[in-house]
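Novice: Pasting in a structure now, in structure tokens, and then I'll have a few things to ask.
Computed from the coordinates by the stated procedures, all read-outs in this text should not be read as laboratory data. Bear in mind the structure is a predicted one, so any value in this text is a computation, not a measurement. A quick note on method: Cβ atoms are made from the backbone with ideal geometry, for glycine too, and the neighbour counts reach across all protein chains shown.
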Amino acid sequence: MGAEPAPRREVVTGAPGTGRPTRTGMAHARRSGHDDATVKKLMRRQLRSGLGACSLLALPLGLLPVVFRLLPPGDTSRGAAWLLLGIAPYPVLLATGAWYIRRAERNEGDVTGR
């Protein structure tokens, strides 16, 4: 039952007001030199990429009930159902996530010049 050590003190070396997140992306755009049209264009491209990723996920996962309905009744269909639910969605999820991340980074890189 020893005494607890004193909490470590942090030293702030930056100027006040820098590094704090803002509530709007427009404030960041003004600080970094991007105009409103560029930020809106980036937001539209990101929205388009997000909707594309959702549609890529909704199509194969939304068709799973149709596939289950087409399976013949019996023990083999029970095993196929477990494979379809337990294994098949994950490669689709991983591939869609990887595509979306690459696309989002490319969109941001186009705006920032990276």
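Novice: Tell me the label-point distance for the pair Ala81, Thr13, using the 7 Å Cα-to-Cβ offset, in nm and rounded to one decimal.
Specialist: 6.2
Novice: Apply 1/(1 + (r/R0)^6) to the Cβ-Cβ distance of Gln46 and Ala98, taking R0 = 25 Å, and write down the FRET efficiency to the nearest 0.05.
Specialist: The formula returns an efficiency of 0.95 here.
Novice: Also, I was wondering about something else. With a/c under 1.5 counting as rounded, go ahead and sort region 50-89 into rounded, prolate or oblate using the C-alpha gyration tensor (a ≥ b ≥ c being the square roots of the eigenvalues; past the cut-off, prolate if a/b is larger than b/c, else oblate).
Specialist: Verdict is oblate for region 50-89.
Novice: Same structure again: How far is it, in nm, from the label point at Leu70 to the one at Ser55 when both lie 7 Å from their Cα along the line to the Cβ?
Specialist: 2.2
Novice: So, by mean Cβ neighbours within 10 angstrom, what's the order for 73-83, 44-54 with the highest one leading?
Specialist: Per-residue Cβ counts within 10 Å, averaged per peptide and sorted highest first, yield 44-54, 73-83.
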